[in-house]
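Report on the structure given below.
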Amino acid sequence: MTGHEVDPVAGWSRLHGEDVSGSRLVVGWLRFIHAIARPFDRVHPDLLSLAGVVAVGGAAAVAFAGGRWPLLALVLVLAGGVLDGLDGAVALRTGRARPVGAVIDAVADRLSDLCLVLVLFALHAPAWWCAGLGVALLLHEYARAKAQSVGMTSAGAITVAERPTRMIVVAVACAGAGLAPDGTPGTGWSWAAVCALVWAGCAVVGLGQLAAGIGRELGGRALPEAAQAGRALPDADRAGRVLPEAAQASRALPDVAQAGPTRRETIAADIPTSGSPPPG
């Protein structure tokens with residue numbers, strides 16, 4: 001299928017198992033990304049994934065510089081968001097969507113997410129808040145991936161805590177820190193701290209949405225046979241560890257049996273038989 005024939009909304013929905021045709025925001029974003037993807041058709045999608053990580057990592061680096069540098073971080077965060085969409089768009093347009101590419105894209109997304117947290121830290125969000133955001137986003141994505149590995153065929157739910165939200169929140173923090181470094185109006189808090197709280201609120205709601213979606217799709221469903229076999233492996237492993245000890249015990253029995261007759265023979269040898277002279 002060529003880039004001119006692919007339907008970006010249908011293609012994304014097919015790959016992610018989630019119909020997004022009813023969301024004007026998602027549909028508009030997908031059509032925009034596919035429209036600007038044409039010049040990148042010759043670039044390998046994995047390189048675009050890598051470029052996205054480099055862009056957001058660069059945003060974290062320049063954010064530490066302070067002053068007006070957060071404005072450059074803003075540009076890099078937005079560039080990372082566009083590159084994150086381009087890799088999938090190019091893969092669909094050129095027919096290069098493949099399982100390994102999906103794994104590379106997922107790893108690149110998680111690295112970019114952690115770099116977004118680092119941007120907030122660089123802009124003076126409290127360290128333990130940033131640590132909590134990192135745990136929340138990894139938990140969100142792990143729960144979805146695990147659910148899909150045991151039979152969930154969709155994304156579970158498109159929540160308020162997805163990557164676009166994370167990028168928008170961090171972009172606002174960068175813009176605010178660069179244009180109004182004295183802090184948010186009325187609070188005096190740093191832009192990064194306020195945006196970290198917004199992200200945290202979205203993360204809590206998003207985890208709830210995802211949990212509900214996973215429950216709807218997997219609730220009451222039996223594990224696939226492959227998953228059941230995988231869960232049975234530890235029991236087999238434990239049995240394998242016990243059996244050698246039992247085997248060793250069974251192998252020791254002949255020795256005990258041999259010890260019995262040998263002892264009886266010794267005692268019998270010590271008892272004089274009838275008519276035999278007593279030992280001198």
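The values are calculated or read from the model by the stated rules, or taken from the named source; none is laboratory data. The structure presented is a predicted model; accordingly, all values stated were derived computationally and were not measured. As a convention, Cβ positions derive from the backbone with ideal geometry for all residues, glycine included, and neighbour counts pool all protein chains shown.
Quick rundown of the values:
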item: Counted residues, region 205-222 - those being without any contact (Cβ under 8 Å) to a residue 12 or more places away in the chain and either under 17 Å from ILE158 (Cβ atoms) or in contact with a His (Cβ under 8 Å, 6 or more places away or on another chain) (or both); result: 3
item: Flag if GLY57 is touching a Cys at 6+ places or on another chain (Cβ under 8 Å) and surrounded by fewer than 21 Cβ atoms within 10 Å (Cβ to Cβ); result: yes
item: Tally, over region 41-54, of residues that are buried (at least 19 other Cβ atoms within 10 Å of the Cβ) and farther than 30 Å from GLY176 by Cα; result: 1
item: Evaluation of ALA108 against (1) crowded, with 17+ Cβ neighbours inside 10 Å; (2) modelled with pLDDT of 95 or more; (3) more than 18 Å from the chain's Cα centre (by Cα) (one fails), failing number; result: (3)
item: Selection status of LEU83, in contact with a Gly (Cβ under 8 Å, 6 or more places away or on another chain), in a helix (DSSP H, G or I) and farther than 24 Å from LEU15 by Cβ; result: no
item: Qualifying residue in region 147-168 (condition: over 20 Å from the mean Cα position of the chain (by Cα) and free of Cβ contacts under 8 Å to residues at least 40 places away in the same chain); result: yes
item: Some residue of region 20-36 being in contact with a Leu (Cβ under 6 Å, 6 or more places away or on another chain), in a helix (DSSP H, G or I) and not hydroxyl-bearing (Ser, Thr, Tyr); result: no
item: Test: residue in region 67-80 that is among the charged types (D, E, K, R) and either assigned to a helix (DSSP H, G or I) or closer than 16 Å to PRO164 by Cβ (or both); result: no
item: Considering residues of region 40-64 that are among the β-branched types (Val, Ile, Thr) and part of a helix (DSSP H, G or I) only, the residue farthest from ALA91 (Cα to Cα); result: VAL62
item: Residues located in region 136-182, provided they are of a type in the set (A, V, I, L, M, F, W, C) and closer than 27 Å to LEU223 by Cα; result: ALA136, LEU137, LEU138, LEU139, ALA143, ALA145, ALA147, VAL150, MET152, ALA155, ALA157, ILE158
